[in-house]
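Working notes for the structure below.
The values are calculated or read from the model by the stated rules, or taken from the named source; none is laboratory data. What you see is a predicted model; the values in this text were computed from it and never measured. A quick note on method: Cβ atoms are made from the backbone with ideal geometry, for glycine too, and the neighbour counts reach across all protein chains shown. Areas reflect the complete protein model, heavy atoms only, side chains present, ligands, DNA and RNA absent. Shrake-Rupley method; radii C 1.70, N 1.55, O 1.52, S 1.80 Å.
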Amino acid sequence: MIWIIGNQGMLGKELSRYFDEAGLPHVGSDREVSILEPSALRNFTKKHRPDWIVNCSAYTAVDKAEEEESSAFALNRDGPAYIAEAAADHNIPLIHISTDYVFDGSSAEPLAEDAATGPQSVYGRSKLAGEEAVRKITERHFIIRTAWLYGEFGSNFVYTMLKLMESRDSIKVVNDQKGSPTWARELALLISVIIGSGSTAYGTYHFSGEGECSWYGFAREIYRLGREKGVLTSECEINPCPSSEFPTPARRPRYSLLCKEKVKREFGLEIPDWKDSLAEFFSSADIPLNAV
Ligand SMILES: NC(=O)c1ccc[n+]([C@@H]2O[C@H](COP(=O)([O-])OP(=O)(O)OC[C@H]3O[C@@H](n4cnc5c(N)ncnc54)[C@H](OP(=O)(O)O)[C@@H]3O)[C@@H](O)[C@H]2O)c1
C-alpha cells in the first residue's frame, strides 16, 4: 500500500491516476490529515500500514511565501519532518519532492545532486530546510528535486499561457531564465519505478524533462501545439523579454537545468525530451481544451 500525501494537488492527482492505471494499491490524504499534526500522521500510518509514503504536499505559492514565511516553513520544513518521523517510526521508505529553487541559479552547467545550494527565495529556503529535515530524520528517503512542473490538474505555466494566448493578440515571456519543463506524468512514472524496484539506493535525485529552453521557448512550443491541436482559436504574437520587465516578489533562479545522470543510471530510465512530453500531454484527453 502506497500513501500519497497531498493527493489533491497537481502531482498528487497525477500520481493517484497513474497508480490506478498501473493497479498499484494506494491511499491518499490531503488537508484532512494535516502534515502539521504529527498525531494525525501517526494514526493514519497505524490504520493503513503503508509500505511506502510519497509526500506531494507543500506550500507552493512562490511569491506569496515572501510574505507568509512562517506558513511556508511550516508546510515545507516542519510538515516533512513530521512525515519523516512517522515514516522512521514504522521503517517505511519516504519519497519526498523538492525543487530546483534550492539553487541560486548562477551555474552555467546542469546541476548535479551535490552542487552547492543557495536558495534565493523564502520558498527555496523552506524547501531546502525540508530536505535537510528528511535527511536527518530518516535514512530511508528518496528526495526528488524537480523543476517547471506542469500537468492536467491544477494551475501551471501551460494553462496560464494558453489562457493568455487565447485572450490576447500578443504576449511577452521571459527569455533569460533557463530550465527544462517536467510533465507530472513522467515524474509519476519515476516514482512508480522507484517503488516497483524496491530500491534501497536512498538519497537525493534530480529529475526533469530532457533538453533545455527558456520560459519564452516553452511558451512558443505551447503556442505551436495549441494551434496545431485546435486548442487555440486565434493568433497571438509571442515576444521575448528580460525578467526585469516582470518583477516578482520572489527571485527566480536564472538557470535551473538539472543533471539527470544519477537517476537515469540508478533506475535505467530513458527520459523523453521535454518537447515530446509536451506533445504527448497535448494529445492526451481534452486537457488543454478544458483549460482555456
Ligand atoms: N509546481 C511546480 O512547478 C513545482 C516545481 C518544482 C517542484 N515542485 C514540488 O513538487 C511537489 C508537488 O507540487 P504541486 O505543484 O503538485 O503542489 P500543489 O498542487 O500545490 O499541491 C500541494 C497539495 O498539498 C496540500 N496541502 C496544503 N497544506 C496541507 C496540509 N497541512 N496537510 C496536507 N496537505 C496539505 C495542498 O492543499 P491546498 O491546495 O488546499 O493548499 C495541495 O493539495 C511540491 O513538493 C513542490 O514543491 C513543484
Scanning the stretch 144-158 residue by residue, those out of contact with any Asp or Glu (no Cβ under 9 Å at 6 or more places or on another chain) and open to solvent by less than 40 Å² (accessible area, probe 1.4 Å) turn out to be ILE144, TYR150, ASN156, VAL158
Would you say SER107 is within 14 Å of the chain's Cα centre (by Cα) and not in a strand (DSSP E or B)?
no
Are there any pairs, at least 6 apart or on different chains, whose C-beta atoms fall under 8 Å, with the first in the stretch 151-162 and assigned to a helix (DSSP H, G or I) and the second within 8 Å of the ligand (Cβ to nearest atom) and not β-branched (Val, Ile, Thr), and if so, which?
PHE157/TRP148; PHE157/TYR150; VAL158/TYR150; TYR159/TYR150
Across the stretch 226-271, which residue is nearest to ASP63 (Cα to Cα) among those that are without any contact (Cβ under 8 Å) to a residue 60 or more places away in the chain and not in a loop (DSSP other than H, G, I, E, B)?
SER244
Is it the case, given these coordinates, that ILE222 is assigned to a helix (DSSP H, G or I) and farther than 23 Å from ASP104 by Cα?
yes
Considering the stretch 94-142 alone, what residues qualify as being among the polar types (S, T, N, Q) and free of Cβ contacts under 8 Å to residues at least 40 places away in the same chain?
THR117
What residue, among those in the stretch 260-292 that are among the small types (Gly, Ala, Ser) and crowded, with 16+ Cβ neighbours inside 10 Å, is modelled with the lowest pLDDT?
ALA291
Filtered residues of the stretch 34-58 (kept if open to solvent by 20 Å² or more (accessible area, probe 1.4 Å) and closer than 24 Å to LEU149 by Cβ):
SER34, LEU36, TRP52, CYS56, SER57, ALA58
Subset of the stretch 189-216 (residues that are in a helix (DSSP H, G or I), of a type in the set (Val, Ile, Thr) and surrounded by 16 or more Cβ atoms within 10 Å (Cβ to Cβ))
ILE191, ILE194, ILE195
I'd like the full set of residues that are surrounded by 18 or more Cβ atoms within 10 Å (Cβ to Cβ) and part of a helix (DSSP H, G or I), limited to the stretch 165-188.
MET165, ALA184, ARG185, GLU186, LEU187, ALA188
Please work out which one of (1) among the polar types (S, T, N, Q); (2) within 16 Å of the ligand (Cβ to nearest atom); (3) at pLDDT below 95 is the condition SER167 fails and give its number.
(2)
So is LEU257 within 24 Å of GLN120 (Cβ to Cβ), aliphatic (A, V, I, L, M) and open to solvent by less than 20 Å² (accessible area, probe 1.4 Å) or not?
yes
Counting only residues that are open to solvent by 20 Å² or more (accessible area, probe 1.4 Å) and in contact with a Gly (Cβ under 6 Å, 6 or more places away or on another chain), which one in the stretch 101-143 is nearest to the ligand (Cβ to nearest atom)?
TYR101
Inspect all residues belonging to the stretch 19-33 and state whether any of them is hydrophobic (A, V, I, L, M, F, W, C), open to solvent by 20 Å² or more (accessible area, probe 1.4 Å) and within 19 Å of SER126 (Cα to Cα).
no
